[in-house]
1. Do any residues in the range 56-80 that are in a loop (DSSP other than H, G, I, E, B) have Cβ atoms under 8 Å from those of residues that are small (G, A, S), where the two are at least six apart or on different chains, and which pairs are they?
2. Given the options F205, F215, name the one that is open to solvent by less than 10 Å² (accessible area, probe 1.4 Å) and touching a Leu at 6+ places or on another chain (Cβ under 8 Å).
3. Can you tell me which of (1) open to solvent by 50 Å² or more (accessible area, probe 1.4 Å); (2) part of a loop (DSSP other than H, G, I, E, B); (3) closer than 30 Å to K133 by Cβ is the one K39 doesn't meet?
4. Within the bounds of the range 193-201, is there any residue that is at pLDDT 95 or above, assigned to a strand (DSSP E or B) and buried (at least 22 other Cβ atoms within 10 Å of the Cβ)?
5. Return the residues of the range 269-287 that are buried (at least 17 other Cβ atoms within 10 Å of the Cβ) and either part of a helix (DSSP H, G or I) or out of contact with any strand residue (DSSP E or B) (no Cβ under 6 Å at 6 or more places or on another chain) (or both); say none if nothing qualifies.
6. Determine if the range 151-174 includes at least one residue that is open to solvent by 10 Å² or more (accessible area, probe 1.4 Å), under 20 Å from Y351 (Cβ atoms) and either in contact (Cβ under 8 Å) with a residue 40 or more places away in the chain or touching a strand residue (DSSP E or B) at 6+ places or on another chain (Cβ under 7 Å) (or both).
7. Looking at S259, S241, which one is among the polar types (S, T, N, Q), part of a helix (DSSP H, G or I) and open to solvent by 20 Å² or more (accessible area, probe 1.4 Å)?
Amino acid sequence: MKAYEALSKEELLQLHTQLLKEYEDAKGKGLKLDMSRGKPSIAQMNMEMGIMDVLGSVADYQTEAGTDCRNYGLLDGIPEAKKMMAEMMGAANADHVIVCGNSSLAIMYDAVSRCMSHGVLGNTPWCKLDKVKFLCPVPGYDRHFKITEHFGIEMIAIPMREDGPDMDMVEELVSTDEAIKGIWCVPKYSNPQGFSYSDETVRRFAALKPAAKDFRIFWDNAYAIHHLYEDEQDEILDILSECEKAGNADMVYEFVSTSKVSFPGGGVAAVAASKANVDEILKSMTVQTIGYDKINMLRHVRFFKDLDGLKEHMRKHSQILRPKFEAVLKVLNSELGGLDIAEWTEPKGGYFISFESMEGCAKEIVAKCKEAGVVLTGAGATFPYGKDPKDSNIRIAPTFPTQEELEAAADLFVLCVKLVSVEKLLSGMR
């Protein structure tokens, strides 16, 4: 296919007429698809139904140590769940893991809230400081940015590369600005690009020399075991042990959950950190709660058993997800390849594909898709304050629709990309 920028004005006008007709036809199909969030499909959730059967009215609700999960106790979670979640993270020490409720996002919100109201390990509470800043790798996870925005924290965008954030920029900013108190990270199969941090990147994170004593890395290991391929799996270094080796044991909070392993909103989530950090979190939790849902923790342990059980379950997930990702990528490659109007990632895991349109086109592409019946994540959502300076990034979430729905959505998406791109080129010729 000929690159669009190589077309004459007459050729572009002819192409625009053709694409506009195809778009009007597409609007008449009555599509109603929501691809705005990375939700597991019904087929995936059906695989989880066995988790509802492992406990019943006559089941044994005792932990291996003899604690009755129906009663109060074990503020930091049942030992079996602590061990399983530690294994899921990688090399985390189970003694330094707290298993909480159903959402890692809630734990992250609590962590930022605690830093704001009570400070970190004896340091001044952030709310009493003139300025608090956070580093935000972009494109990134919109809900991370919403947390820091909610607390009035100034966000600084850090470009993402295939091996992780621009570490030269991170090191420079962290070491020179005491107001920078943290950084958001999705280190494995990042949201939305699907990139994984290299060993060098992880080690550079662990070796940071922050100007702020209360600087923290918020390490959201959301896709720790979410591979799409059995023979091509990214692995990353364990940030907790790397920080300890570098003499920065207290510098990181690591988060993980089973939200896309078991039921979204019905899983278990955990945080791992140094002993000093864990002790501080538990001190706050004794006021916040008497304990999280140990029955749900026990249910998950009885169903998955251990890391091998988790991995086998996720292998079944990948059999459902892989064809969906491949279907979208096939359409992108066949319909947009060679046109020089877009780029996209081809992840080996996670839940998203990151798409880069021509500059100034993303919002219009998303709007046209919505008008024709396909809802995507809002353009700009992957940047702090919802403002993509280039208006080019779009997060594609292929996981929830059926295969048939997904193919229809992908066809509409590339049509909208072509139409908006032609209009952009024509506007520059006036």
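1. T67/G73; Y72/G291; G73/G291; L74/G291; L75/G291; G77/A270
2. Values: F205 fails: touching a Leu at 6+ places or on another chain (Cβ under 8 Å).
Of F205, F215, the one residue that is open to solvent by less than 10 Å² (accessible area, probe 1.4 Å) and touching a Leu at 6+ places or on another chain (Cβ under 8 Å) is F215.
3. (3)
4. Initially, the range 193-201 is screened for residues at pLDDT 95 or above, giving 193-201.
Pick out the ones that are also assigned to a strand (DSSP E or B) and you get none.
Looking through the range 193-201, none of the residues is at pLDDT 95 or above, assigned to a strand (DSSP E or B) and buried (at least 22 other Cβ atoms within 10 Å of the Cβ).
5. Keep residues of the range 269-287 that are buried (at least 17 other Cβ atoms within 10 Å of the Cβ), which gives 269-274, 277-278, 280-281, 285.
Residues satisfying the conditions are S274, N277, V278, E280, I281, M285.
6. yes
7. Values: S259 fails: part of a helix (DSSP H, G or I).
Answer to the selection: S241.
Per-residue answers, yes or no, for (1) assigned to a helix (DSSP H, G or I); (2) within 30 Å of A6 (Cα to Cα); (3) open to solvent by 10 Å² or more (accessible area, probe 1.4 Å); (4) not charged (D, E, K, R):
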position	(1), (2), (3), (4)
L298	yes, no, no, yes
D308	yes, no, yes, no
K311	yes, no, yes, no
R315	yes, no, yes, no
S318	yes, no, no, yes
K330	yes, yes, yes, no
E335	yes, yes, yes, no
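The values are calculated or read from the model by the stated rules, or taken from the named source; none is laboratory data. Here the structure is a predicted model, which is why all the values come from computation and not from measurement. Glycine gets a Cβ as well: all are built from the backbone with ideal geometry, and neighbour counts include every protein chain shown. What goes into the accessible areas is simple: the full protein's heavy atoms, side chains included, and nothing from ligands, DNA or RNA. Shrake-Rupley method; radii C 1.70, N 1.55, O 1.52, S 1.80 Å.
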